[in-house]
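Asks: There's a structure below that I have some questions on.
The values are calculated or read from the model by the stated rules, or taken from the named source; none is laboratory data. These numbers come from a predicted model, not from an experiment. Note that each Cβ is placed from the backbone with ideal geometry, even for glycine, and that neighbours are counted across all protein chains shown. When the accessible area is computed, the model is the full protein with side chains, heavy atoms only, and any ligands, DNA or RNA have been set aside. Shrake-Rupley method; radii C 1.70, N 1.55, O 1.52, S 1.80 Å.
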Amino acid sequence: MKQSTRRNFIGQSAIAGIGTLIALPTLGAILETGSTLHTATPSPFKTGFDQQPLPYAYNALEPSIDTLTMDIHYNKHAAAYSKNVKEAALAESVDTTKPLEDVLSKISKYSGKMRNNAGGHYNHELFWKQLSADTSTQPTAKLLTAITASFGSLDEFKKQFTTAATTRFGSGWAWLILSNDKKLSVISTPNQDNPLMDIAEAKGFPLIGLDVWEHAYYLKYQNRRADYIASFWKILNWNTVGERFNSI
Ligand code: MN3
């Protein structure tokens with residue numbers, strides 16, 4: 001806000017300074033151009049339609065996530081969701097300059113292709129950002145307080161989340177969400193659905209999302225989903241989770 005006020009001031013000063021020297025139509029054009037300076041900076045917690053660069057190397061999360069899985073998961077599976085959600089957006093007249101969250105909140109109005117790929121793209125963008133090679137991060141004090149209030153302890157939260165991830169039949173995701181009444185809860189969703197969708201059984205803002213599709217772990221863990229989930233806790237970036245929590 002401070003920055004935009006400052007920009008506004010600079011913009012107006014510049015215009016005031018040159019206004020006497022130029023013809024009005026030109027001044028009008030400058031004012032119009034100047035107005036784009038006031039566009040709000042997109043929140044880092046909003047998602048666009050393009051796939052963002054992976055924030056680490058493919059081998060960065062070894063041995064928890066192996067290099068080949070990371071490469072295929074990011075470059076093939078996740079890239080396809082981004083490509084396909086843009087195709088669906090074009091076909092269904094969705095403005096891709098707006099956040100993807102706008103579509104998710106009304107997903108029941110769109111096609112199955114939109115539901116699968118808008119969800120898939122959002123979920124993976126969240127997934128990459130919340131992982132880190134740093135295995136020493138811990139929940140922030142504020143988040144830990146909220147987790148303890150909701151689940152009794154951090155261990156009990158991890159247990160419930162692990163159960164949700166383990167028992168999600170077939171493909172889907174396990175989530176820690178902050179609901180509209182500011183309560184934390186653990187849920188899971190099928191396929192590429194997520195808790196921002198209007199069709200979700202339990203709705204809220206996702207703080208943690210774990211991909212339990214076989215493509216996320218099968219090359220290394222085969223049928224041992226529980227081992228993959230145990231490894232996930234080591235590479236979960238609690239700093240990112242805390243930032244998401246603070247953003248709400
Ligand atoms: Mn996946």
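Asks: Out of all the residues in the stretch 202-216, is one or more of a type in the set (D, E, K, R), farther than 18 Å from K129 by Cβ and outside the structural domain of D102 (by TED's automatic domain parsing)?
Replies: Yes, the conditions are met somewhere in the stretch 202-216.
Asks: Something else: Find the residue count for the stretch 196-209, including only residues that are within 16 Å of the ligand (Cβ to nearest atom) and without any contact (Cβ under 8 Å) to a residue 60 or more places away in the chain.
Replies: 0
Asks: Can I ask one more? Of the conditions (1) touching a Phe, Trp or Tyr at 6+ places or on another chain (Cβ under 8 Å); (2) within 16 Å of the ligand (Cβ to nearest atom), E214 satisfies every one except a single condition; which number is it?
Replies: (1)
Asks: Let me ask another. Please verify whether the stretch 201-223 includes one or more residues that are closer than 28 Å to A60 by Cβ, under 17 Å from the mean Cα position of the chain (by Cα) and surrounded by fewer than 17 Cβ atoms within 10 Å (Cβ to Cβ).
Replies: no
Asks: Can you tell me how many residues within the stretch 47-66 are within 16 Å of the ligand (Cβ to nearest atom), open to solvent by 30 Å² or more (accessible area, probe 1.4 Å) and of a type in the set (S, T, N, Q)?
Replies: 2
Asks: Just to verify a result, which residue in the stretch 71-97, among those that are small (G, A, S) and either more than 23 Å from L54 (Cβ to Cβ) or within 13 Å of the ligand (Cβ to nearest atom) (or both), is most open to solvent (accessible area, probe 1.4 Å)?
Replies: It comes out as S93.
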